[in-house]
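The values are calculated or read from the model by the stated rules, or taken from the named source; none is laboratory data. On a predicted model such as this, the values are computed, not experimentally measured, just so you know. Cβ atoms come from the backbone with ideal geometry, glycine included; neighbour counts cover every protein chain shown. Protein only, heavy atoms only, side chains kept; ligands, DNA and RNA dropped before computing areas. Shrake-Rupley method; radii C 1.70, N 1.55, O 1.52, S 1.80 Å.
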Amino acid sequence: MRTPIIAGNWKMNKTVAEARELVAEMIPFLKDVQGVKTVFCPPAPSLLPIAAMLEGTDIDLGAQNMHWESGGAYTGELAPAMVSEFGEFVILGHSERRAYFGETDETVNKKIRAAQANGLTPIVCVGETLEENKANKTSEVVSRQIKAGLADVSAALVIAYEPIWAIGTGLAATAEIANDTIKTIRAVLAELFGEEDAQKIRILYGGSVKGSNAAEYFSQSDIDGALVGGAALKADDFVKIIYVARAEVMKSNA
Ligand code: PGA
């Protein structure tokens, strides 16, 4: 059984004061949830204050990006050890980073290696554009991203399949289609790491997941949770997504 992960990607939203307020609202509902891993990925300035708030809970923390170098003259960047001081996870290769900040499969690969070397679990994002989707290129694109991004890394990672056209648009991929693509991703992971390890890797879906559609995704065979953007900024909706995931876990354990 793969423990589902629900990770909130807050993107460039929330000051520290606002972040504290949001987390304080959610902690009472999430601190004792069993069978689902909750991860908050706030902007970097909030990592320290939120880490303090999460002490004594099972909720984990992650960054949204980092550099692969261990330090030096890289103005504006975060080193892996700066993230691992507070967090357990780091989102890498998000489509917004690939589109606006020039990230490539090659730089994502360097970042994954650096994350693993620093004891962080990377949440590696892959996904196709609308044009690629329409041209039936989804499998080809995600396979390429996985093979190039994951060269010479270990299986200690999480994948997030996020069709780019479904991010922040309200146009979620249907659960069945997302599950099929995730099966393709798992087959590529099996080529890289062997079947046994591939079965252990959590593969999340991301793109317009909210409380009202979460059950469709979490009831699928190969979807092991979600990377949530917009709905992670609303306490009640994010809590609902985690409760839906927990209900699906309880159903499959029954
Ligand atoms: P969304 O974002 O839930 O707002 O679509 C998901 C993401 O980009 O990780």
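Listed values, structure above:
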item	result
Neighbour-limited loop hits for chymotrypsin sites (Phe, Trp or Tyr not before Pro), the range 32-112 (at most 15 other Cβ within 10 Å; DSSP other than H, G, I, E, B)	74, 101
With all protein chains modelled, accessible area of residue 41 [1.4 Å, Å²]	0 Å²
Mean separation of Cα contacts under 8 Å, 6 or more apart, over the residue count of the chain: relative contact order %	20 percent
Coarse-grained scattering of the chain at q = 0.10, 0.12, 0.15, 0.17 Å⁻¹, given as base-10 log I(q)/I(0) from a Debye sum over alpha-carbon atoms	-0.43, -0.64, -1.05, -1.38
Kirkwood hydrodynamic radius (C-alpha pairs) into Stokes-Einstein, the range 107-196, 4 °C and 1.567 mPa s, D in µm²/s	95 µm²/s
Rounded FRET efficiency, nearest 0.05, which uses the C-beta distance separating residue 29 from residue 51 and R0 of 22 Å	0.70
Cβ-based charge dipole, the range 32-114, positive-most Cα from 82, 38, 53	82
Ratio of Rg to Rh over the range 27-105 (Cα coordinates, Kirkwood Rh, two decimals)	1.02
Largest-first ordering by accessible area, 1.4 Å probe, given options 66, 250, 12	12, 250, 66
Distance histogram in 5 Å bins (all Cα pairs of the range 13-73, percent per bin)	4, 17, 28, 22, 14, 9, 5, 2, 0
The chain: calculated mean residue ellipticity at 222 nm from DSSP helix runs of at least 4, using -39500 (n - 2.57)	-13000 deg cm²/dmol
Cα-derived Rg to Rh of the range 127-254, Kirkwood definition	0.97
Charge context of residue 249, other residues only, Cβ under 12 angstrom, K/R +1, D/E -1	+2
Dipole moment magnitude, nearest 20 debye, the chain about Cα centre, only Lys, Arg, Asp, Glu C-beta charged	180 debye
Descending principal axes extents, the range 1-139, alpha-carbon based, whole Å	45, 39, 30
Charge tally in the Cβ shell below 14 Å around residue 229, where Lys, Arg are +1 and Asp, Glu are -1, residue 229 excluded	+2
